[in-house]
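Step one of this worksheet: look at the structure below.
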Amino acid sequence: MEERLADMDTKLSAIKKSVDAFDAMRKGQANAAADLTELRDNLNQLRGQVETLKNELVANTKRQEQYFDNILLKINFIENFLEIGGKDLSSENHEANKLINDGAVKNSAKIQEKDQAYSKAYQSFKEGNYSKARTEFQHFLSTYPNSEYSDNAQFWIGECYFFEKKYEQAILEYEKVIKNYPGGSRIAYALLKQGLSFMNLGDKTSSKLLLQQVIKDYPNTNQARIARAKLQEIK
């Protein structure tokens, strides 16, 4: 089994090299039908081997399934890149499979775009460019309002204001984390930073209430330990 997997990896690598060579050649020559046909045949052969081997495994582990799906996704990507996927398919089942695979590629691209947008905004934040980071995080939230990064993006908007010493705006943005993402992992952080923002504004009463809430609701966290230490500073 391992030898067959290694053999498929080798074939896929060889096909990738052929794709690069073909793409370069296609840019310089008008007719490359023979090379295109050979690439298509190699891809179809490899696809058949992958699907056959996958079906032979009666008790696939999740990791093995993902391995095979990953290879198939790469094959589909190469076909889409060369614009040869499905050109010589005659059955409706094959056409349906092509549509499914195209959807998987597009979905993967969207996920990559989302991750890159979030990473770009966070990089701006780490570089201390808070105005730019805030704008990028706001754009991220408008584009991906319900992603797994949404609560984090909202929290970082509050952090941008906090580090700019715009504490009133920071408090409002932290409040959005609490209200809009009640099941998220940033609630304790948002409450703590609200308490610190009020402390910086000289509002000791509000600061105490928020710091005490952190200690009460999240007693065994780093945020609670920080809140206890900050309470000692408030006279």
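List of remarks:
- Taking the fewest neighbouring Cβ atoms within 10 Å as the starting point, the ordered list for Phe198, Phe137, Phe163 is Phe163, Phe198, Phe137.
- Sorting Ile111, Ile215 by the number of Cβ atoms found within 10 Å of their own Cβ, with the fewest placed first, yields Ile111, Ile215.
- Ranked list, fewest to most other Cβ atoms within 10 Å of each Cβ, for Ser207, Ser124, Ser147, Ser131: Ser131, Ser147, Ser124, Ser207
- Extreme residue, positive dipole direction of region 129-233, given options Gln213, Ala229, Ser131 (C-beta unit charges): Ala229
- Compactness of region 129-233 is given as radius of gyration and Dmax, 13.6, 42 Å, from Cα positions.
- Comparing Cα centroids, region 197-214 and region 135-172 end up 21 angstrom apart.
Just so you know, all these numbers are worked out from the coordinates, no wet-lab data involved. As the structure is a prediction and not an experimental result, all values here were calculated from the model. Here Cβ is always computed from backbone atoms with ideal geometry, including for glycine, and neighbour counts include all displayed protein chains.
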